[in-house]
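Structure first, commentary second.
The values are calculated or read from the model by the stated rules, or taken from the named source; none is laboratory data. Given the structure is predicted, the values throughout are model-derived calculations rather than measurements. Cβ sites come from the backbone with ideal geometry, for glycine too, and all protein chains shown count toward neighbours.
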Amino acid sequence: MILTVTMNPSIDIAYQLDELRIDHAVRAKETLRTPGGKGLNVTRVLHTLHEDVCAAGLIGGNNGGFIKDRLKEAGIRFAFTEIKGETRCCIALLHEGKQTEVLEPGPEADASEYREFLKQFYTLSKDSACITISGSLPAGIPDHCYADLISAAAINGVPVVLDCSGNALKKALAADHKPYAIKPNTDELAELLGRQVTKDTSSLKAALLSPLFDGIHWIIVSLGKDGCFAKHDNTFYQVRVPQIHAVSPVGSGDSMVAGIASALARNMNDEGLLKHANTLGMLNAMQKQTGCVNLKDYDALYQLIEIRKA
Ligand code: ADP
């Protein structure tokens, strides 16, 4: 089983508007409500790949109930820890080809809810071939949460793919037990290193050789339409992807995380892992919905990916 962790899930609400007029009432032409949060995007893509996936994290209130109902309808397994607070909503206003977002902070979890989650996570990790951890932490959950989860997974020898930023990432990188794989983009790398990181091979190589990343087996830097740059132990890879008709790249990084996890669970070799992950990123970018891939174009795109050692 692949376990996905979403500590601060949301109902993502997208309103399609003709135009956004500030200080005016605007009518939505269309409303779309979907389970959201980066980890649930990863979950959906893994489910589409027919992986045995289970979603964990914190959930609460009527919004939490909505998310569980939608997952049930889709046939996606979950084992969330219930909290007293109400799961958040994140609103996207789609207008004139632009996207304006309102992100609620989410509920505050308390110490006993966190302890309960850690217990559930430890039990679930025993049955996991791979674990993904994505996104932000809600209030009340300590910065070292992801470091704690990675240590707990290490007891059972389960590799963790970590996709987060800020203090939670810094704490996880500084801990004794390291994530098996991380998937930063260049902005996240720059924030971590405190200096600019460009898409140049030399800049990326220098960044990934930072002692900050010692002990992490896979670092995959997603580069949007330029593919990705990766380091597996001591080998660097430059991955070029074909030109596609991109509709919305939101969630492409999460789709890539799903690909990395599924490749690790299936013991794919380096070329297989990189092609699988990038193909899923591209397939997501070709869809309007977030964390959604249509596998009909999988083989054609997969064949067009070029990988060379850098
Ligand atoms: P993130 O969400 O982490 O910033 P990216 O936007 O870099 O992720 O996308 C992740 C992956 O999805 C890329 O590495 C690439 O394989 C694919 N991808 C995303 N956007 C495009 C695009 N416009 N054209 C081709 N591939 C894309």
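Numbers below:
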read-out: Some residue of segment 193-206 being within 21 Å of residue 281 (Cβ to Cβ), surrounded by 12 or more Cβ atoms within 10 Å (Cβ to Cβ) and touching a His at 6+ places or on another chain (Cβ under 9 Å); value: no
read-out: Checking residue 92 against (1) of a type in the set (Gly, Ala, Ser); (2) farther than 30 Å from residue 20 by Cα; (3) buried (at least 17 other Cβ atoms within 10 Å of the Cβ), the condition it does not meet; value: (2)
read-out: Search result, residues across segment 151-168 that are in a helix (DSSP H, G or I), surrounded by fewer than 24 Cβ atoms within 10 Å (Cβ to Cβ) and aliphatic (A, V, I, L, M); value: 152, 154, 155, 168
read-out: Complete set of residues in segment 165-192 that are touching a residue at least 40 places away in the same chain (Cβ under 8 Å) and hydrophobic (A, V, I, L, M, F, W, C); value: 173, 181
read-out: Conditions (1) near the ligand (Cβ under 8 Å from one of its atoms); (2) on the phi > 0 side of the Ramachandran plot; number of the one not met by residue 267; value: (1)
read-out: Condition broken by residue 247, with the remaining ones in (1) of a type outside the set (D, E, K, R); (2) at pLDDT below 95; (3) surrounded by fewer than 19 Cβ atoms within 10 Å (Cβ to Cβ); (4) touching a Ser or Thr at 6+ places or on another chain (Cβ under 9 Å) satisfied; value: (4)
read-out: Whichever residue in segment 30-59 is in contact with a Leu (Cβ under 7 Å, 6 or more places away or on another chain) and either of a type outside the set (Val, Ile, Thr) or buried (at least 24 other Cβ atoms within 10 Å of the Cβ) (or both) and, among such residues, is farthest from residue 297 (Cα to Cα); value: 56
read-out: Close pairs (9 angstrom Cβ cut-off, 6 or more residues apart or separate chains): more than 14 Å from residue 33 (Cα to Cα) in segment 52-76, among the aromatic types (Phe, Trp, Tyr) and in a strand (DSSP E or B) anywhere; value: 54/78; 55/78; 56/78; 57/78; 59/78; 72/78
read-out: Selected residue (criterion: nearest to the ligand (Cβ to nearest atom)) from residues of segment 254-263 that are buried (at least 24 other Cβ atoms within 10 Å of the Cβ) and of a type outside the set (D, E, K, R); value: 256
read-out: Selection within segment 159-191 - farther than 23 Å from residue 258 by Cα, under 20 Å from the mean Cα position of the chain (by Cα) and of a type in the set (A, V, I, L, M, F, W, C); value: 190
read-out: In segment 205-219, the residues that are within 16 Å of the ligand (Cβ to nearest atom) and either within 21 Å of the chain's Cα centre (by Cα) or closer than 15 Å to residue 159 by Cα (or both); value: 208, 218, 219
read-out: Some residue of segment 107-115 being surrounded by fewer than 20 Cβ atoms within 10 Å (Cβ to Cβ), among the small types (Gly, Ala, Ser) and closer than 19 Å to residue 148 by Cα; value: yes
read-out: Output for segment 144-168, where each listed residue is within 16 Å of the ligand (Cβ to nearest atom) and hydroxyl-bearing (Ser, Thr, Tyr); value: 165
read-out: Selection count where residues are buried (at least 20 other Cβ atoms within 10 Å of the Cβ), in a loop (DSSP other than H, G, I, E, B) and not hydrophobic (A, V, I, L, M, F, W, C), scope segment 118-141; value: 3
read-out: Number of positions in segment 216-239 that are among the basic types (Lys, Arg) and out of contact with any Leu (no Cβ under 8 Å at 6 or more places or on another chain); value: 1
read-out: Segment 169-202: number of residues that are away from the ligand (no atom under 16 Å from the Cβ), part of a helix (DSSP H, G or I) and not charged (D, E, K, R); value: 5
read-out: Inter-residue pairs, beta-carbon under 9 Å, first under 12 Å from residue 225 (Cα atoms) and assigned to a loop (DSSP other than H, G, I, E, B) and in segment 281-299, second among the hydrophobic types (A, V, I, L, M, F, W, C) and within 11 Å of the ligand (Cβ to nearest atom), 6+ apart; value: 286/244; 286/246; 286/247; 286/293; 286/301
read-out: Selection count, segment 220-249, where residues are in contact with a helix residue (DSSP H, G or I) (Cβ under 8 Å, 6 or more places away or on another chain) and within 11 Å of the ligand (Cβ to nearest atom); value: 19
